[in-house]
Amino acid sequence: MKKILLLAGDYVEDYEVMVPFQMLQMLGYEVHAVCPGKKPGDVVRTAIHDFEGDQTYSEKRGHNFAINHDFDKVDTGEYAGLVVPGGRAPEYLRLNQRILEIVREFHAAQKPIAAVCHGPQILVSAGILKGCACTAYPAVKPDVVDAGAQWSEANESFTNAVVDGNLVTAPAWPAHPAWIAAFAKLLGARISI
């Protein structure tokens, strides 16, 4: 099983969708990027979030990111793992019942799930965080805690990932090296150069 499912939507964070997509391909995985209501060849618009000294991140229009698989044809049994990027997309993607079912199916099968930044909003809505240690963008902390998760302070530097069972979470894109490495380890990926 060398396929990974990646959930995307308009205004997903640019780095948080593009970097995992490309890094997982580099590791030999076929990554299926899907979005409710979009078909292969359609695009989602991304947003670039940056930390520029304001009280929160700034947001700028990013790139177009191509959807390459049909959301309506997703069979979670075909995938080794799930990636849930952040940005603004999770706040509305979590309203889609099939998105929540997909997350629950991965969780029930104990397949690796990687969520970053605002991505854990989808995990909260899917009801899979109770008793789990995890992290997210700090503004998502109340949602994560209210869902019964144990908030990890490992995100102080924004460069750390938290692993709990099949779940790996991170606070934002600066954590990509730790987050994607931990996800790859859960997948059993091997790098040979």
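The values are calculated or read from the model by the stated rules, or taken from the named source; none is laboratory data. These numbers come from a predicted model, not from an experiment. Ideal geometry is used to build each Cβ from the backbone, glycine not excepted, and the neighbour counts take in all protein chains shown.
Annotation: of all residues in region 42-65 being out of contact with any strand residue (DSSP E or B) (no Cβ under 7 Å at 6 or more places or on another chain) and in contact (Cβ under 8 Å) with a residue 12 or more places away in the chain, the one that is surrounded by the fewest Cβ atoms within 10 Å (Cβ to Cβ) is T56. Given the conditions (1) under 13 Å from the mean Cα position of the chain (by Cα); (2) hydrophobic (A, V, I, L, M, F, W, C); (3) at pLDDT below 95, which single one is not true for W179? All conditions are met except number (3).
For (1) assigned to a helix (DSSP H, G or I); (2) touching a Leu at 6+ places or on another chain (Cβ under 9 Å); (3) of a type in the set (S, T, N, Q), each residue gets a yes or a no:
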residue: V44; (1), (2), (3): no, no, no
residue: G53; (1), (2), (3): no, no, no
residue: N64; (1), (2), (3): no, no, yes
residue: H107; (1), (2), (3): yes, yes, no
residue: V124; (1), (2), (3): yes, no, no
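Scoring N68 on the criteria (1) surrounded by fewer than 23 Cβ atoms within 10 Å (Cβ to Cβ); (2) out of contact with any His (no Cβ under 9 Å at 6 or more places or on another chain) leaves a single failure, condition (2).
Residues are listed down the side, and each one gets a yes or a no for (1) modelled with pLDDT of 95 or more; (2) closer than 20 Å to V168 by Cβ; (3) of a type in the set (F, W, Y); (4) in contact with a helix residue (DSSP H, G or I) (Cβ under 8 Å, 6 or more places away or on another chain):
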residue	(1), (2), (3), (4)
M1	no, yes, no, yes
G9	yes, no, no, yes
M26	no, yes, no, no
I102	yes, yes, no, yes
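Of the residues in region 17-30, at least one is over 11 Å from the mean Cα position of the chain (by Cα), assigned to a strand (DSSP E or B) and either β-branched (V, I, T) or surrounded by fewer than 17 Cβ atoms within 10 Å (Cβ to Cβ) (or both). Do we find a residue being touching a Gly at 6+ places or on another chain (Cβ under 9 Å), surrounded by 18 or more Cβ atoms within 10 Å (Cβ to Cβ) and either at pLDDT below 95 or among the hydrophobic types (A, V, I, L, M, F, W, C) (or both) anywhere in region 146-165? Scanning region 146-165, I find at least one residue that is touching a Gly at 6+ places or on another chain (Cβ under 9 Å), surrounded by 18 or more Cβ atoms within 10 Å (Cβ to Cβ) and either at pLDDT below 95 or among the hydrophobic types (A, V, I, L, M, F, W, C) (or both), so the answer is yes. When restricted to residues that are crowded, with 23+ Cβ neighbours inside 10 Å and not aliphatic (A, V, I, L, M), region 72-93 contains 6.
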